[in-house]
């Protein structure tokens, strides 16, 4: 499917009452959703390097965000891992107080650190209410995808 | 003070504008709050406006534009390309005033001096990209800079001798963004092909500053992921992922 066809399709669906649309063939799979809680449009040719979900994956709306990164790493148990390769920063700016300290209780959605990658400042937020047991990432030091940056205890 | 009604006059009433007289950082506000697509957060003063690496952006009351826009629907691989594309849009927006060009990856320059900075911020929760904010600081009407940045900073006023209405510039940028975002998001904008029209330093000698080390290159363009392509001293083409182009070769 070329860009023009895709645009036409998007336009058509935008105007229609269709809430979700999925299409798949050997080369490409397209998933478009107008639901508010998912990414609005995910269209991904199979040969794209970032492709992660197998073609037969169930088309649950929750699966859509997984297509945007090489499979979201699981925060298994009490570890918070970096979702991207980048440089770990404990504070918003040099000399500023760190976002969190060991022993802090943090709320879901609270910023834990920044991982700077490709010039973009990425705030890593707490996925659930938790206590910071250990800060593993070191300020200004690179972290790998999936590397543990915090050890936390769910509250 | 931003005149919201003047902004609406240019942009129409549909645009979501959050005007704050003073805020630590418009980016931080936009990341922290639940705002709709293309909501623009604008402030007169940023008390902790961040440049990349936490450098504080020189913030003069009412003279400049500091704004952040909520951008939904991007894949994480589109973040750096979006940063570059935002530079193209800003250059187009300012075209009739001055020729602002990009110093990779996120500075806009005029005659080797910095006119504007672009800083994107995102938030991730549990490995999932949740929010993307595009932040821009643009020197519009400021008449002077502190000594330490006087040689490397400029404003639209200093370049042209004319004072501009900030609301109109903001409305014009938002219009450009809204009209071309869908094309960008769906892959309809070739940032690689457009780079030569917008780069301040194509085919020029540059120094890349990284971890306190300066290395000389000749700029040759960007690749599709937004990384810089440059020839090193031995003549081999390198892809530069991190680092900054210094201002030492810009003039």
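When segment B:41-82 is filtered for residues that are at pLDDT 80 or above, over 26 Å from residue B:225 (Cα atoms) and out of contact with any helix residue (DSSP H, G or I) (no Cβ under 6 Å at 6 or more places or on another chain), the ones remaining, listed by number, are B:42, B:44, B:45, B:46, B:63, B:64. Among the residues of segment B:1-48, those identified as part of a helix (DSSP H, G or I) and farther than 24 Å from residue B:123 by Cα are B:4, B:5, B:6, B:7, B:8, B:9, B:10, B:11. Scanning segment B:90-102 for residues that are more than 17 Å from residue B:172 (Cα to Cα) and either under 10 Å from the mean Cα position of the chain (by Cα) or surrounded by 24 or more Cβ atoms within 10 Å (Cβ to Cβ) (or both) turns up just one, B:102.
Screening segment A:28-127 for strands (runs of 3 or more DSSP E) wholly inside it with 1 or more residues that are modelled with pLDDT of 55 or more, within 20 Å of residue A:146 (Cα to Cα) and more than 9 Å from every other protein chain (Cβ to nearest Cβ) returns the ranges A:79-81, A:86-89, A:111-117.
Reported count of residues in segment B:219-243, each being touching a helix residue (DSSP H, G or I) at 6+ places or on another chain (Cβ under 8 Å) and within 14 Å of chain A (Cβ to nearest Cβ), is 6. Criterion first (surrounded by fewer than 20 Cβ atoms within 10 Å (Cβ to Cβ) and either touching a residue at least 60 places away in the same chain (Cβ under 8 Å) or in contact with a helix residue (DSSP H, G or I) (Cβ under 6 Å, 6 or more places away or on another chain) (or both)) does residue B:143 satisfy it? Against the criterion (surrounded by fewer than 20 Cβ atoms within 10 Å (Cβ to Cβ) and either touching a residue at least 60 places away in the same chain (Cβ under 8 Å) or in contact with a helix residue (DSSP H, G or I) (Cβ under 6 Å, 6 or more places away or on another chain) (or both)), residue B:143 qualifies.
In segment B:119-134, the residue that is surrounded by the most Cβ atoms within 10 Å (Cβ to Cβ) out of those that are within 9 Å of another protein chain (Cβ to nearest Cβ) and within 19 Å of the chain's Cα centre (by Cα) is B:120.
Answer with yes or no whether residue B:87 is within 14 Å of another protein chain (Cβ to nearest Cβ), under 23 Å from residue B:242 (Cβ atoms), buried (at least 23 other Cβ atoms within 10 Å of the Cβ) and modelled with pLDDT of 95 or more. Yes; evaluated as a whole, the condition is true for this residue. Within segment B:192-218, being within 14 Å of chain A (Cβ to nearest Cβ) and in contact with a strand residue (DSSP E or B) (Cβ under 7 Å, 6 or more places away or on another chain) holds for B:208, B:209.
When segment A:130-155 is examined, which residues are found to be over 15 Å from the mean Cα position of the chain (by Cα), more than 12 Å from residue A:79 (Cα to Cα) and within 13 Å of another protein chain (Cβ to nearest Cβ)? Across segment A:130-155, the qualifying residues are A:139, A:140, A:141, A:142, A:143.
Being in a loop (DSSP other than H, G, I, E, B), in contact (Cβ under 8 Å) with a residue 60 or more places away in the chain and within 14 Å of chain A (Cβ to nearest Cβ) is a property that residue B:62 lacks.
The values are calculated or read from the model by the stated rules, or taken from the named source; none is laboratory data. Keep in mind the model is a prediction, meaning the values are calculated, not measured. FYI the Cβ positions are ideal-geometry reconstructions off the backbone, even for glycines, and counts take in every protein chain you see.
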